[in-house]
Each structure stands twice: as C-alpha cells, then as structure tokens.
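Everything below concerns the one structure shown next.
The values are calculated or read from the model by the stated rules, or taken from the named source; none is laboratory data. Bear in mind that the values here come from a model prediction, so they are computed numbers and not experimental data. A quick note on method: Cβ atoms are made from the backbone with ideal geometry, for glycine too, and the neighbour counts reach across all protein chains shown. Each accessible area value is taken on the protein alone, full model and side chains, heavy atoms only, with ligands, DNA and RNA left out. Shrake-Rupley method; radii C 1.70, N 1.55, O 1.52, S 1.80 Å.
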Amino acid sequence: MRPCINKYDLPCVCAALICKRIAPMNNVVKNNWTKEEFNMDKIEEFYKRVNHWLNTKCPFKDIKENVQRYMVEDIRTEDINKMIIKSAIDLISPQNIKWQNIAGRMMMRNIYKRWTRATWVKHDDKYKYSQLNKLIKDYTEAGLYNMKIMETYTEDDIYELSTVMKEEYDMAYNNGTVQMYDKRYLIYREELGVRELPQHMYMLNAMFLWIPEKQEDRLEFVKKLYKMTATAEISLPTPTLLNARTPNSQLSSCFILTPADDLRSIYHNIDEMAQISKNGWGLWVYMWNIRAKGWSIKGVYWLSGGTTPWIKVINDTAIAVNQMGKRAWAISVTLDIFHADIYHFLDLQTETGDIRAKSFDVFPAVSFPDLFFERLELGGAWSMFCPKEVEDKYGKRLQDQFWDDFKTFYAELEKDDTLRIKTTTTAKELFVTYLKSVVETGMPYAFFRDTVNKLNPNKHAWNIYCSNLCTEIAQNQSENTFLAEENEDWVIVTKFQSGDTVICNLASINVAKVNLPADIERVVPVAMRALDNVIELNAYPLMEAKISAERYRAVGLGMMWLAQYFAENKLMYWSPESIEATDILFKNLAFHTLASSVELAKERWAYPAFQWSEYSKGRAFGQPVSTLFMDWEEGLDWVYLEEDMKEYGT
C-alpha cells in the first residue's frame, strides 16, 4: 500500500516534524505567566528603537534570521530579550563591528526598563533635573553618595548640570562597556532598585572631582570633565570610576611598599597590604631588604628562611583580601638579580620543586642592573649576596648604588672571600634559568633599575627600586622604620618613621578620539587638573601614602586605543607612517602634559620636593626640555616651557 503523501511529498510523520519546525511559534510566556501569540512585529518595533544611524549596516533581517533559528515553544519574554542580544553579539565580526553597538543599546534598554520599574517615572525623564536631584538626595541619605557633593552644589547648580546630560552618550557604548557598567560600576542596592544610570555616574564623579575648584569656575570644569569622560575622550581608572562619588573616596590605582629587614616592619607592611587590597588597589612590594636564606637571626647562623616564606604570606594575603570582589588580586613582588635568594625566587611559580614554597597568586619581577647584561655579553661570572650581611659589614647597601658606584661596590663584594652568603655562577646560566621561568609561567617581569633611575626627576630625594604591575609609575621609595611602642594613658601607640610609600594616580587619553593637536591641547589640561584634585580628595588607607603623595604630587597621564587609531587611519604597525604618527601624538602629549603641570604650579605652587629636582633645572626625561624634540616645527615652544618650568615649577 502506498504511504500517505502530503503537499511536501513526504511521509506524514516526517512532514509533521517539518511543519512543526517551519510553522510560527504560537505562544510566548510573559512575566506575569500569561501566554500570548508570538509577534515578530513587536521585535522589529523594538529593534527600530535601537538601530538609528545603523539600520543600513545592521539590517533587521539578519537579527530576524537568528531569532527564528533560536525560537522554541513557550519561550519567556525575558529570554527572547536575551536571545535578541545574543543574536546581535553573534553577528559581530571584523567586517561589521557595529553589531556591538546594537547589542550595547539593547542592554541599555534593559537597564532603562529596570530603572523605570524602580522609580515609577517615565523613561524620557531619566536624565532630567528632578531625577538627578532626587537621586543625589536619596543616595546621600542612604550613605551611597559622598556628603560633600550636596554640601558643595546648590539645587540651581544641579539644575544647570542636568541640562548637559545626554541619553545619546548611552547609545554610543558597546555591549562590553554596558555590561561592565551594569556588573561593576553602577551603584545598585536591592532595596532601592536600579536608580543610577551611566550618565548619572559620570556626572556625579565629575562633580566630586571638581570640589576643590573655585566656585566661580567649578560648573564649567564639571561640564567639561563630564562630557570628556561620558564620550570616552578621557578614561578614568577603576578605583576613581567606582569610588569618586561615594563616601569611600579612594581614587588611586596602585601602591608600592618597601618592607625593611625587621619583623615589625614586615608585618606592618603586610597589614598595609591588606588595607590596600581590600579597597580594590593594586600593590607592588620590593623584597631586596629581606635577609637571604641561611643568614643569622640574633647571631645564630642558618636560621633565616629568606624571602620565600614572606612572599608566601603576601600571596595568601592577596587571596584572603580580594579587593571586595571587584577585581582579582593584584599583588606583585620584586627581587634584584644580585640577591642570594634569586634562584628560589625564579622557582616561585614553576611546576617543579617543593609545593609549600610556591606562590602562584602573586606577580614576580626581577630587577636588573646594567652590569648584569655587560657580564652576560662577555660571558662573565655573576655573584649574589645577602643584603643584611653586606650592610652589617660595610655600613652601606648594595641596592642603593647605581651606575659606576654600583660597579665599584659590586666588584669589591665579589673579591671579599669572607662573606658567608655568596653564590657565584655565570651570568649566562642565571639568565637561562630566568628565561626558562618566563617561558614556563610568563613571569617574572623585568625592571631595569639603572635606566629608570637615570631618568628619575627626583633623584636628589632618593631612589627608585621597582615599578608597579602595569609599569606606569616610577617614584622614590623607602622603608618605614619602627621607632617605639608607647603607653599614652592606657592607649598603646606604635610609632613608625614614615618612608616614601608610592601611590599611583592615573588617567588616560583615548587617542582614537583625541589625536589632533587642537584636541590634545583641549583635553589634556582638564585631565591633569582632575588628577591633581585626586591628590586632595583621596581617602588614603595609609598615612605614609598621603605623606608621599603630597610631597611629590605625582600623577600619570597616558594614551590608550592606539591600535584603534591605527586601524581607523589604515596605518600598519612599524610602518614609517605609523611611527611618524605616533611621534606626533606623543610629542603633543608630552608638551601639553608638562605645560599643564606648569600652569597648575603657577596657580597652586610647585610640589614640596621640587627644589633641586630635575624639573627645577628645566629638565625632563633626562635632558633639557628645550632639546627634547629638536625636530619639532609645529609651533610648540619648548624653550618657553623650559623657562617657565624653572621659574614656577611643576
């Protein structure tokens, strides 16, 4: 008997399956658990609200195909929403990156919807004065915003600032940016619902950062910084973006600590590591001062465990105090290549050896002097010493010597056969061990101590021994020294002599958007002024950090998105054109950064350690400012800048 054939000319069972697949889904489940017929027109209407200016690049038919592919019976409306966003993300490609903006706009619409449910206010009113003013009052009362904002700005000020907030800035963010806002940066509390939106965040941060300014200038500065950050011309670091508007106004990115070879100093620094890490900051620790394994403790030799046990304690502190869950731990340690524990240090994260001596959660770095590479080229020997033994015998420290002084003292130590802790190998063999560790683990990083200290503008005040994890900062550092523990009317007071505890205040210029000389001249002074205000407004977790920050007033302004700038301008890496373009960008950045610093010094005085610094001699980057870029012919007056720097400071 011939089987039943339908219009698909297939057996009935197969036809039934195909019909079920190609037929439109009849039901979707709404949030209230009622069902309604699926309507593709609603999805298209939603899509029209997010694809303005992108409808040609990102047509609805591409999304529609994905939606039809993923649809199932009785799908919930919230899952449809997620599916549409996923469909847009799946369509992102090197040929069409605009889908990331479509996905970002869809995600922003979801945040708007949650905001509307929390406030019972119309979507179009979200950035109006009434909502900004109410947000500031409610969040301040709830302890989420810094009280200084309400104390500094009047309602008239808030009204004026609300007029420059724009929803169109939200529509420019891609899906990764919006997800980061939602998961990390926007302040959200369960009992209040979603009340803060991206433009609120940028406006409140700008308001806080300009509190130190004169009243007559403040609002104009706020408007400038708000627009530059909201449009990604200036990028603020994570701690500033997270904390600027909050009572926890801890705005710096990184710290560098230098423990002394003393039990109290070591544990004092470990306590400080915990205080730093709990607030979301990165940390670098210089370990040379710690006596080597096998040196004496209270005159008894071979008792010291060396640096490895202390690095293990630092490692476990990084895990236990995990930056409020906002960022993974970021604690790094540096040891010099001439420390007797260097082989143990290079073995910290390898898969061989004693597992109890491993520290897998820190980021190690090795500090190299120029002499090491001279010996490496010549195939010479290399010796390693215990810092405590050297200091006790000679009354000075090897790590404090640089250039010819280092070479002279190092040669003297090599000839001293009375040193108990001295290991000699070839520079090549040691460097091969270093490279094996780098190949196996990706670390340690390298720090070139002589080069950095040659360019140190504050070498008159002390030395630089390491940098931070991102190598953005190179500042003077010295250990805190225990003085006494005293009883002051039943209050135990522990006293330390403060050293230089390095603090890192950062921001970046988006070179993909800010690359013309006029734009750099417009944006850099605003960024530099905001960074200087960070020093005033920062809630320092350590008193030593506050002392050092105010002594040097060091800030870092860099550039980001250089790869995007190259791509948009069709420049190949290492081509003569890209090198020339990069030179122009960074010459402009250098000039306007230094010029902005001088202008701030004219208004606010030079930093306290300015006298006798390289800047006081009109020098920067190791040479006179007037000779930095002798080939520069674009009207930047380096000679005038040098004279201003010597007269007014930075």
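At a glance:
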item	result
Total residues in the stretch 386-411, condition assigned to a helix (DSSP H, G or I) and either under 37 Å from the mean Cα position of the chain (by Cα) or of a type outside the set (A, V, I, L, M, F, W, C) (or both)	17
Search result, residues across the stretch 198-218 that are open to solvent by 10 Å² or more (accessible area, probe 1.4 Å) and polar (S, T, N, Q)	Gln215
Subset of the stretch 340-371 (residues that are of a type outside the set (Gly, Ala, Ser), assigned to a loop (DSSP other than H, G, I, E, B) and surrounded by 23 or more Cβ atoms within 10 Å (Cβ to Cβ))	Asp341, Leu348, Val362, Pro369
Positions within the stretch 509-553 being in contact with a Pro (Cβ under 8 Å, 6 or more places away or on another chain) and within 20 Å of Thr229 (Cβ to Cβ), in sequence order	Asn533, Glu536, Leu537
Which numbered condition Asp271 misses (of (1) in contact with a strand residue (DSSP E or B) (Cβ under 9 Å, 6 or more places away or on another chain); (2) in a helix (DSSP H, G or I))	(1)
The stretch 144-187 - residue that is aromatic (Phe, Trp, Tyr) and out of contact with any Pro (no Cβ under 9 Å at 6 or more places or on another chain) and, of those, least open to solvent (accessible area, probe 1.4 Å)	Tyr153
Boolean, Ala554 is under 29 Å from the mean Cα position of the chain (by Cα), touching a residue at least 24 places away in the same chain (Cβ under 8 Å) and open to solvent by less than 50 Å² (accessible area, probe 1.4 Å)	yes
From the options Glu414, Glu377, residue that is without any contact (Cβ under 8 Å) to a residue 24 or more places away in the chain, assigned to a helix (DSSP H, G or I) and either touching a Leu at 6+ places or on another chain (Cβ under 7 Å) or over 27 Å from Phe360 (Cβ atoms) (or both)	Glu377
Members of the stretch 51-62 that are of a type in the set (A, V, I, L, M, F, W, C) and either farther than 15 Å from Asn39 by Cβ or open to solvent by 90 Å² or more (accessible area, probe 1.4 Å) (or both)	Trp53, Leu54, Cys58
Residue in the stretch 566-587 that is outside any helix (DSSP H, G or I), among the aromatic types (Phe, Trp, Tyr), under 19 Å from the mean Cα position of the chain (by Cα) and under 23 Å from Glu472 (Cβ atoms) present	no
Which numbered condition Glu78 misses (of (1) at pLDDT 85 or above; (2) open to solvent by 70 Å² or more (accessible area, probe 1.4 Å); (3) among the charged types (D, E, K, R); (4) closer than 25 Å to Met180 by Cβ)	(1)
Test: Thr433 is surrounded by 12 or more Cβ atoms within 10 Å (Cβ to Cβ), farther than 19 Å from Thr451 by Cα, among the β-branched types (Val, Ile, Thr) and in contact with a strand residue (DSSP E or B) (Cβ under 6 Å, 6 or more places away or on another chain)	no
Single residue of the stretch 474-502 satisfying the filter (among the β-branched types (Val, Ile, Thr) and in contact with an Asp or Glu (Cβ under 9 Å, 6 or more places away or on another chain)) that is farthest from Asn456 (Cα to Cα)	Ile492
Candidate set: the stretch 421-444, residues that are touching a Gly at 6+ places or on another chain (Cβ under 8 Å) and not in a helix (DSSP H, G or I); chosen: the one nearest to Ala340 (Cα to Cα)	Ile421
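A quick yes/no check of all residues on (1) within 31 Å of the chain's Cα centre (by Cα); (2) surrounded by fewer than 21 Cβ atoms within 10 Å (Cβ to Cβ); (3) touching a residue at least 40 places away in the same chain (Cβ under 8 Å):
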| site | (1), (2), (3) |
| --- | --- |
| Ser596 | yes, no, yes |
| Glu599 | yes, yes, yes |
| Lys602 | yes, yes, yes |
| Tyr615 | yes, no, yes |
| Phe629 | yes, yes, yes |
| Gly635 | no, yes, no |
| Asp644 | no, yes, yes |
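To keep it simple, each residue is scored yes or no on (1) within 21 Å of Tyr139 (Cα to Cα); (2) at pLDDT 95 or above; (3) of a type in the set (Gly, Ala, Ser).
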site	(1), (2), (3)
Asp156	yes, yes, no
Glu168	no, no, no
Met171	no, no, no
Gly176	no, no, yes
Lys183	yes, no, no
Ile187	yes, no, no
Gly193	yes, no, yes
Gln199	yes, yes, no
